[in-house]
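Notes for the one structure printed next.
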Amino acid sequence: MVGKRFRYTACGLDNVFLLNGFKLRSTPYGKAFSIDNIDGLHAAIGKRLIHERKTLSGKEIRFLRHELGMSQGTLAGLLGVDEQTVARWEKGQTGAGGPADKMIRLLYAEKVGAKADIARTLGHLAGLDKAAGRSLLFEERGASWRAKRAA
């Protein structure tokens, strides 16, 4: 917990912080956090990742692949690469590269029903840069999770 933020690492990402939507409770084994609407939170994280203006990291690729419900082999087949290539991306040994990065984003956008026209989406993706990552902030509003701009 950082200040009033909860660092949420169970998703496999190191830079996700929650502003609310979680509870601290005591258990016989110590303190534990529970998160309200975990599926909504994961959807909000995925939507934010596909719109981030940086190349996807290995951990982000793994997160999106898990959210897509795909094995490394299935994703590799869709992208026309070797399964070991996907494994190397996810381990951070190599980068996914422009076309693969964009296709992973489009696959996720399709899954969550972000039916923006492909040309506009590709135009947005073409403007991505390789800027260093920053913290991703999320807050729960009502029954849904939303990304919040980092200060």
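Here are the numbers for the structure shown:
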{"quantity": "Residues whose placed amide H lies under 5 Å from that of LYS148, excluding near-sequence neighbours", "calculated": "LEU137, PHE138, GLU139"}
{"quantity": "Note, ³J(HN,Hα) from phi for region 48-60, Karplus 6.51, -1.76, 1.60, rounded to Hz, x at Gly and Pro", "calculated": "5, 4, 6, 10, 5, 8, 7, 5, 5, 7, x, 5, 5"}
{"quantity": "Residues whose placed amide H lies under 5 Å from that of ASN20, excluding near-sequence neighbours", "calculated": "GLU140"}
{"quantity": "Cβ-based exposure ranking for SER57, SER34, SER71, in which fewest neighbours within 10 Å come first", "calculated": "SER34, SER71, SER57"}
{"quantity": "In region 1-68, the chymotrypsin sites (Phe, Trp or Tyr not before Pro) that fall in loop regions by DSSP, at most 13 other Cβ within 10 Å", "calculated": "TYR29"}
{"quantity": "Rg/Rh (Cα only; Kirkwood hydrodynamic radius) as it applies to region 1-119", "calculated": "1.03"}
{"quantity": "Region 36-41 - phi-based ³J(HN,Hα) in whole Hz, Karplus 6.51/-1.76/1.60, Gly and Pro as x", "calculated": "6, 6, 4, 5, x, 4"}
{"quantity": "Part-to-part distance (alpha-carbon centres) for region 45-67 and region 3-41, which is given in Å", "calculated": "19 Å"}
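Each reported figure results from applying straightforward, stated rules to the coordinates on display, with no laboratory input. Because the structure is predicted, anything quoted here is derived from the model rather than measured. Methodologically, a virtual Cβ is constructed for each residue, glycine included, from the backbone with ideal geometry; neighbour enumeration extends over all protein chains shown.
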